[in-house]
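A short worksheet on the structure shown next.
The values are calculated or read from the model by the stated rules, or taken from the named source; none is laboratory data. Values in this document were obtained by computation on a predicted structure and should not be read as measured data. Don't worry about glycine lacking a Cβ; one is built from the backbone with ideal geometry, like all the others, and counts go over all protein chains shown. In case anyone asks, the SASA skips ligands and DNA or RNA and just uses the protein heavy atoms, side chains included. Shrake-Rupley method; radii C 1.70, N 1.55, O 1.52, S 1.80 Å.
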Amino acid sequence: MRYLLNSAVITSAGLYEYRLITAEEAAEWIRRGGWESRIGYPQTAEWIERLSGVRPPLSREASPMGAGDEALVVRLRYRVADPGQKGAVSVQEEDWEYGILRRLQ
């Protein structure tokens, strides 16, 4: 299974690997398709569309990763102090981080 996440969530015990990737690598991963969106914020979905040309649907469902599953994590490099202000905060390209989270066991 492949997931698109807005945070590196560990949903169950196991052995995981997380590595950073470039924005270009993230865009290509998204364009390949075959993933399930777990993007919960409209602003993150908008950024992903700007990055890749693909608008992910919003979903706040759990992402129970099994061995061999991977996820692309698209997240801000910092926490927004007041989540109610998330859409009002000016976010720039350099504020985003991209990584691959893989469950090994």
Return the total of residues in segment 26-72 being over 15 Å from residue 93 (Cα atoms) and of a type in the set (Ser, Thr, Tyr).
4
Which residue out of 52, 63, 12 is of a type in the set (S, T, N, Q), open to solvent by 20 Å² or more (accessible area, probe 1.4 Å) and touching a Lys or Arg at 6+ places or on another chain (Cβ under 9 Å)?
12
Restricting to segment 38-49, name every residue that is open to solvent by less than 10 Å² (accessible area, probe 1.4 Å) and in contact (Cβ under 8 Å) with a residue 24 or more places away in the chain.
39, 44, 48
Before we move on, is residue 69 surrounded by 15 or more Cβ atoms within 10 Å (Cβ to Cβ) and out of contact with any Pro (no Cβ under 9 Å at 6 or more places or on another chain)?
yes
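Yes/no matrix, rows are residues, columns are (1) more than 12 Å from the chain's Cα centre (by Cα); (2) free of Cβ contacts under 8 Å to residues at least 24 places away in the same chain:
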| position | (1), (2) |
| --- | --- |
| 9 | no, no |
| 25 | yes, no |
| 64 | yes, no |
| 67 | yes, no |
| 79 | yes, yes |
